[in-house]
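Please treat every number below as a calculation from the coordinates, not as lab data. Everything numeric here is computed off the predicted structure, so don't read it as measured data. Please note: Cβ atoms are built from the backbone with ideal geometry, for glycine as well, and neighbour counts cover all protein chains shown.
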Amino acid sequence: MLIKLDLKAKTLTNLVSRPNPSVLNQAVTFTVTVTSTLGIIPTGVVTYTIDGTSVVTRTLNSHGLAIYTESGLSAGKHTMFAGYESNGSFGSSKTGELVQTVYYRVLLPLVIRW
């Protein structure tokens, strides 16, 4: 009898955005950090999902970070999460939900009195 064990290190995945809230057409940077329960920095890729649609995949750097910058979000609230895809040594994980709020840019008239 042959028993196959799938021993992958567990991972924890965290997502933050800066700035949040943002204004229309402003660049927003989404940063994912992936750590392992063994203290070893995972390798592999992260897929970003905005409003239920996968939008981009980024490779983790040597610090376990994946960075994505977006400046085309429409005004309103956007639900976002990111998922770390399993590789041979590390298990998959997913971030909690992040809500990115985008406001319209309000331009106030400049009144100059003489």
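Going from the fewest other Cβ atoms within 10 Å to the most, the residues S71, S86 appear in the order S71, S86. May I ask you to derive the FRET efficiency for T53 and M1 from their Cβ-Cβ distance with R0 = 30 Å, giving the value to the nearest 0.05? It comes out at approximately 0.10. Pair-distance distribution of segment 11-103: all C-alpha pairs, bin width 5 Å, starting at 0; shares per bin in whole percent are 3, 15, 26, 23, 15, 10, 5, 2, 0. A Gaussian network model of the chain, with springs between Cα atoms under 10 Å, assigns the largest mean-square fluctuation among T53, T31, T13 to T53.
Rank these for me by crowding, F30, F81, going from fewest to most other beta carbons within 10 Å.
F81, F30
For the chain, the dipole from Cβ point charges (+1 on Lys and Arg, -1 on Asp and Glu) about the Cα centre works out to 200 debye, to the nearest 20. Counting neighbouring Cβ atoms within 10 Å and putting the fewest first, the residues K8, K77 line up as K77, K8. Give me the base-10 log of I(q)/I(0) for segment 41-83 at each q in 0.27, 0.31, 0.34 Å⁻¹, Debye formula, one uniform scatterer per Cα, rounded to two decimals. Relative scattering, expressed as log10 I(q)/I(0), comes to -0.98, -1.14, -1.25.
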